[in-house]
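Okay, structure first, notes after.
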């Protein structure tokens, strides 16, 4: 598959007997998933394309009915997979905005120019995303909030942060 796939939700369980899947979206406020015509389910490094028959909100999660998944037995094999969308289906952002996934691989520095490490992944939490930054000796969790993120420079491949006192000591 030549399209870059962007993870948008975890498939956490089945719902009912007719093949519905329950998804935990990484961004609970997004309407992107509800408007898609196709969704990719990725498990064990293999992505499978599915036509979206229906997606609806359900108690802070999403229920998805996908083509070719018509029974609880067929749905069970997708539990534990990651729901993804083609990068081309993401809405265009305004100037100065970016998707969190685009920050993976950026080098992180503090305001004094000290290298903290490299963003290896994003950890979604109820309070918001955390950048997981792998330093030379330990891993740091940096909240993805404008009060801490001073600058994101994709051309230079780096992010400048202004960590509150003690954040990097945790």
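Read-outs: derived from the displayed coordinates by stated rules, not from any lab. These numbers come from a predicted model, not from an experiment. Using ideal geometry, Cβ is built from the backbone for each residue, glycine included, and neighbour counts are taken over all protein chains shown.
Its residue count N fixes a reference of 2.2 N^0.38 Å for segment 5-89, and the Cα radius of gyration divided by that reference is 0.95. Dimensions of the chain based on its C-alpha atoms, expressed as ranges along the principal axes with the largest first, amount to 56, 31, 28 Å. With an 8 Å Cα cut-off and a minimum separation of 6 or more residues, compute the relative contact order for the chain in percent. In percent, rounded to a whole number, it is 18. Highest mean packing comes first when the peptides 144-157, 72-85 are listed by Cβ atoms within 10 Å, giving 72-85, 144-157. Applying 1/(1 + (r/R0)^6) with R0 = 35 Å to the Cβ-Cβ distance of residue 73 and residue 31 gives a FRET efficiency near 0.70. Taking N as the residue count of segment 100-169, its C-alpha radius of gyration divided by 2.2 N^0.38 Å amounts to 0.98.
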